[in-house]
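Participant: Following this message is one structure expressed as structure tokens.
The values are calculated or read from the model by the stated rules, or taken from the named source; none is laboratory data. Treat the numbers as computed from the prediction; the structure is a model and nothing was measured. Cβ atoms come from the backbone with ideal geometry, glycine included; neighbour counts cover every protein chain shown.
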Amino acid sequence: MMTIKAGYLISYDYEFVKTSLPRIYDFVDEIYFAVDAEGKTWAGGLLDIDPQFWEWLKAFDKDQKITIYKDQFYVPGLGAMGCETRERNLLAQKMGKADWYIQIDADEYYVDFEAFVEALKAHKPVKPTSIYCSVATLFKELPEGFLLIDDSFETLCLATNHPVYDLARNNNAENEKLYWDNLLLHQSWARSADEIQQKLNNWGHKDDFNTKSFFKLWDAIDEHNYNFLRNFHPLDSEIWPKLTFFKGTIDEILNSAELKNFKTKKRPPLKQKSFFSKLWKKLKS
């Protein structure tokens, strides 16, 4: 019997788990929630989680699959990306033995997780392997829907049989990298202005680009000017070529035929490889 385990890193955007968790719950054997024991983010900021969230989680966990893992994940002087990578490795160790390990952020929503799990069960690698999949990234919420990155090169490592991470969820040294067509919807930048500021000040990439300048760009984009934006990813511009508009709520978009067909637009993530290589060399130096 193949064992598949999933792990969440719980931080300031914990409320998004209420959309993400129901889409994976029935298809994995165990789920782990990693949360800083001292209530801190990777940048050392204070993390305040409403007690009602834990009550919701307890009520939701009908099969008692979820384990809360608390540890000291903020280490002064390590840097936000260093803290993130360290936490992901500690979480993987806590998850114990499994055939496949999935690490997912609170604001990431699988479009068809059942199909992804079936593909994992059918794939039997003979070497350490990481599975990368296409990402549909939401950039901004508008009154009638969302702006979404179109024709993106962006991928994320969604599963591995060898959970040794050297840069966030990536293993750039040992694992064979496979790219699948399964699609993930990433809430990412589609938040309120205050939440965007919080993200920019606390996430793993906060020291990798001019966050104040990027916030000004994000804040200026609306339904009248988004068509003019080109090649604007803050770390490697060509990963985000342009924007498109999806009408509806998050749930409506997730269940839409338009999004399910969106993965056919994806191209091989050639730029992504060079991006991770450059960032890894920068961190090592």
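Participant: Kindly evaluate ALA34 against the criterion of being in contact with a Leu (Cβ under 8 Å, 6 or more places away or on another chain) and outside any loop (DSSP other than H, G, I, E, B).
Facilitator: yes
Participant: Cβ-Cβ distance below 7 Å, separation of 6 or more or different chains: which pairs start in segment 190-214 with a residue that is over 21 Å from LYS40 (Cα atoms) and end on one that is of a type in the set (Phe, Trp, Tyr) and not in a helix (DSSP H, G or I)?
Facilitator: Here the result reads ALA190/PHE139; ALA190/PHE146, each pair linking segment 190-214 to a residue that is of a type in the set (Phe, Trp, Tyr) and not in a helix (DSSP H, G or I).
Participant: Let me ask another. If I filter segment 95-105 for residues that are among the charged types (D, E, K, R), touching a residue at least 24 places away in the same chain (Cβ under 8 Å) and assigned to a helix (DSSP H, G or I), do I get at least one hit?
Facilitator: no
Participant: Give the number of residues within segment 208-239 that are surrounded by 13 or more Cβ atoms within 10 Å (Cβ to Cβ), assigned to a loop (DSSP other than H, G, I, E, B) and among the acidic types (Asp, Glu).
Facilitator: Within segment 208-239, residues that are surrounded by 13 or more Cβ atoms within 10 Å (Cβ to Cβ), assigned to a loop (DSSP other than H, G, I, E, B) and among the acidic types (Asp, Glu) number 3.
Participant: Separate question: I need the full set of residues from segment 22-55 which are loosely packed, with under 14 Cβ neighbours inside 10 Å and either touching a residue at least 40 places away in the same chain (Cβ under 8 Å) or farther than 16 Å from TRP203 by Cα (or both), in order please.
Facilitator: Of everything in segment 22-55, those that are loosely packed, with under 14 Cβ neighbours inside 10 Å and either touching a residue at least 40 places away in the same chain (Cβ under 8 Å) or farther than 16 Å from TRP203 by Cα (or both) turn out to be PRO22, ASP26, ALA37, GLU38, ASP50, PRO51, GLN52, GLU55.
Participant: Tell me, yes or no, whether segment 43-57 has at least one residue that is modelled with pLDDT of 95 or more, closer than 20 Å to ASP208 by Cβ and of a type outside the set (Val, Ile, Thr).
Facilitator: Checked against the condition, which is being modelled with pLDDT of 95 or more, closer than 20 Å to ASP208 by Cβ and of a type outside the set (Val, Ile, Thr), segment 43-57 yields no hits at all.
Participant: Do you know which of the residues in segment 240-252 that are touching a residue at least 24 places away in the same chain (Cβ under 8 Å) and part of a helix (DSSP H, G or I) is nearest to SER152 (Cα to Cα)?
Facilitator: Among those residues, the one meeting the criterion is ILE250.
Participant: Could you list all residues from segment 168-187 that are modelled with pLDDT of 90 or more and outside any strand (DSSP E or B)?
Facilitator: Of everything in segment 168-187, those that are modelled with pLDDT of 90 or more and outside any strand (DSSP E or B) turn out to be ALA168, ARG169, ASN175, GLN187.
Participant: Another one. For the condition out of contact with any Asp or Glu (no Cβ under 9 Å at 6 or more places or on another chain), buried (at least 17 other Cβ atoms within 10 Å of the Cβ) and modelled with pLDDT under 95, what is the one hit in PHE262, PHE246, PHE276?
Facilitator: Values: PHE262 fails: out of contact with any Asp or Glu (no Cβ under 9 Å at 6 or more places or on another chain); PHE246 fails: out of contact with any Asp or Glu (no Cβ under 9 Å at 6 or more places or on another chain).
Only one candidate qualifies: PHE276.
Participant: When you go through THR160, THR155, THR129, THR137 one by one, which is the residue that is among the β-branched types (Val, Ile, Thr) and touching a helix residue (DSSP H, G or I) at 6+ places or on another chain (Cβ under 7 Å)?
Facilitator: Testing whether each residue is among the β-branched types (Val, Ile, Thr) and touching a helix residue (DSSP H, G or I) at 6+ places or on another chain (Cβ under 7 Å) leaves just THR155.
Participant: One residue is enough: does segment 63-80 have a residue meeting the conditions assigned to a helix (DSSP H, G or I) and either of a type in the set (D, E, K, R) or within 24 Å of TYR132 (Cβ to Cβ) (or both)?
Facilitator: yes
Participant: Could you check segment 1-44 and list, in sequence order, the residues that are over 25 Å from GLY77 (Cα atoms), touching a strand residue (DSSP E or B) at 6+ places or on another chain (Cβ under 7 Å) and among the β-branched types (Val, Ile, Thr)?
Facilitator: Scanning segment 1-44 gives ILE4, VAL17, THR19, ILE24, VAL28, ILE31.
Participant: Restricting attention to segment 188-207, and to residues there that are in a helix (DSSP H, G or I) and out of contact with any Lys or Arg (no Cβ under 8 Å at 6 or more places or on another chain), which single residue is modelled with the lowest pLDDT?
Facilitator: If we take residues in segment 188-207 being in a helix (DSSP H, G or I) and out of contact with any Lys or Arg (no Cβ under 8 Å at 6 or more places or on another chain), then ASN202 is modelled with the lowest pLDDT.
Participant: Only one of LEU9, LEU21 is farther than 22 Å from GLN198 by Cα and either touching a helix residue (DSSP H, G or I) at 6+ places or on another chain (Cβ under 9 Å) or in a loop (DSSP other than H, G, I, E, B) (or both). Can you tell me which?
Facilitator: Result: LEU21 is the single residue among LEU9, LEU21 that is farther than 22 Å from GLN198 by Cα and either touching a helix residue (DSSP H, G or I) at 6+ places or on another chain (Cβ under 9 Å) or in a loop (DSSP other than H, G, I, E, B) (or both).
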